[in-house]
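Okay, structure first, notes after.
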Amino acid sequence: MKTKLPQFIPLPFKPTAIRSLVLCASLLGIQGCASVDAGIEKNNAPVINLANSEQAEPSKEVSEKTDSVIAAVEPIHNFISDKRLTAEQMFMLLQAEMRLKRGLTGQAYQIYYQLAEETQDTEIAKHSFNVAMATFSADNINEAVALWRKLDPKAEDAWRASFVLSLRAGNLSQALEEWQNYADLTPADINQDILVAAKRAVSGMIGDLVIAQDFMNLIVERYSQQWASYLGQGMIAAAKKDYPLALEGLNKSLSFDDFEERDQVYTLLAKIYLQMGQYQQGIAQLRSYAEKNPEDIELQERLARLEVQAGMNADAQVRYQKIVDANPEQYSAKFALALLQLENKEFVPAKQAFTELLEIPAYTEIGNYYLGYALQEEGRNEEALQFFSKVESPVYQTDALLHQAEIYFSQNEKDKAYQSLAKVDVSKQANQVKMLLAKAIFLRLEDKYSEAADVLQQLLDVQPDNQRALLEQANIFYALERFADYETNMQQLLHLDENNVDALNGLGYYYAEQGINLPQAQLLIERALQIEPDNFFILDSMGWVLFQQKRYADAVPYLEKAYAVKDDEVVGEHLIRAYWMAGMKGKAQALWDEFSERFKKNQEFTNLQEWIQKGS
């Protein structure tokens, strides 16, 4: 069906100004289409400026990503010199170009489309498609690409655009045949055509990857003997976050003989293992290939990240060091290496790396922050303050201010500490939470428990499920002997996370210390011990709750193990009592002799001495 020209007011035109038309030859160098989405383009010419487009937002049928298709190609021919256009058509073409420059893409498209129909010229049809894409109208785009294919059945770009449009319309069988036409026309290997299908399906169907997956499955059925079919399956499944299926497809592709894109497969595998949290499995599969391909920097970095997540920091540090040695400008690797060095307290090389990163604009802010952090760790507080004060980015400024406050507080400059906290931008909830938590900690350290509890309540009013704040406030309630509030906070923590070790142990020990709910206390502590079997606090709690139940012999092994981990005075006191009550008075006396001199000023040991003298 022929599209009607819109009614518009003709622009002023003087018949004598033919030379002006010739000077406008650049307007008549018709532009073409590069690709239907952000894949591998066939030219690097600038795109049409859509800043003043008649339609600011795309229709629901067409993604904004179609903006990337409107790329220009070299001028093809001059219609005036070839005398292929009538004077009326030349005038229409000029009108269309001027409307396009003014951002009136809808009007421009209709003129181009009518010209393409009238002239049956493939280049005008191609340009008509470009402009249709700029209108973000599904009807215009489908109309234009259909005409382009009709006039130039061997235009591979037209078929490539067509199969993506059919996918978006949900017409899988049509999309498959249009892709097949595209694949038959291109000189590329079929595997490359399949990868084009997978990439276009992912980017074109980002809102409905089920259709993309179904489309790829049809290609797999047709080309089951091609490695790219399974790589494509894996790519789409990964985009859909169906990671088990993605691994299946990617590993199937690796069963084929060597192909150039194996690096893409391994890089995507690394990403999937990171997202699945299967760090050891990822390392096991990727390490051999990575060792044989040290030049694959992206894979090396992802493997190093897997090693960090798996707790293999030493291996990750070696790998990052190799990357940086071979590629000094690989700043992401240099930054990650510096962080590992900082964690290992290797301050000299870490500071050197952060200093070098200061010269890179993208890393200046974070370089200042971590230089401040490293210097603070070294105890060089005045220098640390200088670097923290240079941090201006909102991303890092809050943490920099908190570190400044921490330094001032440690130097007994408490007014400056609170002033630093006051500078935090609390318009963002995350910043407000950090500031209130720091303020509460400072108040607690000043023994201002009631004020600290109030500040933490302000935090909990903003973020009721903040577990750190609930725990901090619970400990303050305990110090204030507000035991009912302490119990409430601990129970809320367990409601939020039934495996919260601090809450399990804290509430269980509280019950044991009070001599109440002892069976429940034992259950709580046993659960904590299953999670952290070597935690000396929990071992001590377990021994103490058994002691409170008069199971003295059962208590001794737990208290001995706790004491072996750390000869803490509280644990020592509990162990002496357990030895004594279990009839091991010789062991009790020996431990008493060891501790009586060290902790003679400790009131608990004075009480213990009185307890023993009374015969318990």
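The values are calculated or read from the model by the stated rules, or taken from the named source; none is laboratory data. It should be emphasised that the depicted structure is a prediction, and the values quoted were computed from it without experimental measurement. Neighbour counts run over all protein chains shown; Cβ positions are idealised from the backbone, glycine included. Note: accessible area is taken over every heavy atom of the protein model, side chains too, but ligands, DNA and RNA are not part of it. Shrake-Rupley method; radii C 1.70, N 1.55, O 1.52, S 1.80 Å.
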In nanometres, what is the gap between the two model label sites at Thr186 and Met276, each 7 Å from Cα along Cα-to-Cβ?
2.9 nm
Residues in segment 505-520, backbone N under 14 Å from the label point at Glu532 (7 Å along the Cα-to-beta-carbon vector): list them, ranges by number please.
505-509
Using a Förster distance of 35 Å, how high is the FRET efficiency between Asn251 and Gln174, based on the Cβ-Cβ distance and rounded to 0.05?
0.65
Over the residues of segment 418-498, compute the C-alpha Rg and express it relative to 2.2 N^0.38 Å.
1.08
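Work out, step by step, the length gained on full extension between Ser410 and Glu291: first 0.36 nm times the residue separation, then minus their alpha carbon distance; give nm to one decimal.
38.1 nm
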Give me the orientation-averaged projected area of the Cα convex hull of segment 280-428, in nm², one decimal.
10.0 nm²
Please compute P(r) over all alpha-carbon pairs of segment 216-265, binned at 10 Å starting from zero, and give each bin as a whole-number percent.
31, 56, 12
May I ask you to give the solvent-accessible area per residue for segment 356-434, in square angstrom, as obtained with a 1.4 angstrom probe?
54 Å²
Ranked from the most accessible area to the least, with a 1.4 Å probe and all protein chains present, what is the order of Val324, Val545, Val348, Val210?
Val348, Val210, Val324, Val545
Place the peptides 443-449, 110-116 in order of packing, highest mean first, counting for every residue the other Cβ atoms within 10 Å and averaging per peptide.
110-116, 443-449
With every protein chain left in place and a probe of 1.4 Å, what is the accessible surface of Lys199, to the nearest 10 Å²?
70 Å²
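Using a 1.4 Å probe and counting only protein heavy atoms, arrange Leu147, Leu245 so the residue with the most accessible area comes first. Could you put the intermediate results ahead of the total?
On the way: Leu147 15, Leu245 65 Å².
Descending order: Leu245, Leu147.
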Run the accessible area of segment 407-499 with a 1.4 Å probe and give the carbon-and-sulfur part as a rounded percent.
44 percent
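Express in nm, to one decimal, how much length is gained between Glu377 and Glu569 on full extension, taking 0.36 nm for each residue of separation and deducting their alpha carbon distance.
Result for the pair: 66.2 nm of gain on full extension.
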With every protein chain kept in place and ligands, DNA and RNA left out, what is the accessible area per residue of segment 237-346? Probe 1.4 Å, answer in Å².
50 Å²
Need one value: the accessible area of Lys390 in square angstrom, 1.4 angstrom probe, rounded to the nearest 10.
110 Å²
Rounded if a/c under 1.5, otherwise prolate or oblate - segment 90-157, Cα gyration tensor axes:
oblate
Just subtract the alpha-carbon distance of Lys322 and His495 from 0.36 nm times their residue separation and send over the number in nm, one decimal.
57.6 nm
Taking θ = phi - 60°, what integer Hz values does the Karplus form 6.51 cos²θ - 1.76 cosθ + 1.60 yield along segment 422-439, in sequence order, with x for Gly and Pro?
5, 7, 5, 6, 8, 5, 9, 4, 4, 5, 4, 5, 4, 5, 5, 5, 4, 4
Square roots of 5 times each gyration tensor eigenvalue, C-alpha, segment 140-225, largest first, Å
19, 16, 10
